[in-house]
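Let me begin by presenting the structure, written as structure tokens, before commenting on it.
The values are calculated or read from the model by the stated rules, or taken from the named source; none is laboratory data. These numbers come from a predicted model, not from an experiment. Here the Cβ is made from the backbone with ideal geometry for all residues, glycine too, and neighbour counts use every protein chain on show. Remember, those area values only see protein heavy atoms, side chains included, never the ligands or the DNA or RNA. Shrake-Rupley method; radii C 1.70, N 1.55, O 1.52, S 1.80 Å.
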Amino acid sequence: FDARKYLLDYDDVMNEQRKVIYTLRRRILNEEDVRQDVWSRIEEAVDIKVSQYVFTNTFPEEWKLEELHVELGRCFAINYNLSKEDATTKTAENVLDEILDLCKKKYDKLVEIIPEKDFKNLERHLLLRTIDQHWKEHLYAMDQLKDSIRFHGYAQKDPLLIYKLESFGLFKKLIENVNYKAITILMRAQLPARE
């Protein structure tokens with residue numbers, strides 16, 4: 001009985017995550033326009049990326065501007081090249097706002113170039129495909145976690161509590177990966193030249 005109860009508790013954790021993912025998928029499938037959703041994901045992905053190179057509580061001399069320039073070009077296909085001298089007059093929030101402005105221009109250009117119906121389908125397809133791909137990887141990781149969690153009982157720790165904590169970390173990483181991957185694919189979209 002105890003073994004079954006523990007299995008049910010573990011399944012409850014997975015069911016909560018499953019509900020979140022299925023609700024997200026349903027919302028993407030049923031909404032007429034997912035543009036606002038996509039833009040909020042762009043903001044989140046850019047914020048995470050910029051915070052890795054431009055630190056809020058440090059001097060601009062300590063920022064990794066060259067690496068930021070390379071990463072923004074690689075991930076979002078934008079060109080943001082801030083010199084060390086120009087950085088001294090800016091805050092981390094200024095830098096983030098400027099980069100978001102460049103992303104907005106790039107995004108608006110994609111919206112302008114691609115026919116509206118096609119662009120809506122592209123956004124929806126990218127989000128759904130990315131969610132499905134990362135969800136499958138997450139399910140595998142959760143199975144691995146469930147298999148390895150039993151050893152925590154030997155260390156006098158509650159395996160269910162450890163499972164909940166670690167699965168929350170994995171789920172948070174899943175959401176970040178979905179946002180980041182879908183947005184980088186969208187922002188790096190290359191359109192064939194028309195004759």
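Some values worked out for this structure:
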| quantity | calculated |
| --- | --- |
| Among the residues listed as Asn57, Asn79, the single one being without any contact (Cβ under 8 Å) to a residue 24 or more places away in the chain and over 21 Å from Met187 (Cα atoms) | Asn57 |
| Tally, over the stretch 26-82, of residues that are in a loop (DSSP other than H, G, I, E, B) and open to solvent by 60 Å² or more (accessible area, probe 1.4 Å) | 11 |
| Any chance Leu126 is open to solvent by less than 30 Å² (accessible area, probe 1.4 Å) and in a helix (DSSP H, G or I) | yes |
| Residue in the stretch 96-110 that is most open to solvent (accessible area, probe 1.4 Å), counting only those that are modelled with pLDDT of 90 or more and hydrophobic (A, V, I, L, M, F, W, C) | Leu102 |
| Odd one out for Trp135, checked against (1) open to solvent by 70 Å² or more (accessible area, probe 1.4 Å); (2) modelled with pLDDT of 90 or more | (1) |
| Positions within the stretch 112-123 being free of Cβ contacts under 8 Å to residues at least 40 places away in the same chain and surrounded by 13 or more Cβ atoms within 10 Å (Cβ to Cβ), in sequence order | Phe119 |
| Residue ID - farthest from Ile175 (Cα to Cα), chosen from residues in the stretch 22-39 that are modelled with pLDDT under 90, in contact with a helix residue (DSSP H, G or I) (Cβ under 9 Å, 6 or more places away or on another chain) and not hydrophobic (A, V, I, L, M, F, W, C) | Glu32 |
| Scan of the stretch 83-99 for residues that are within 25 Å of the chain's Cα centre (by Cα) and not in a helix (DSSP H, G or I), ordered by number | Thr91 |
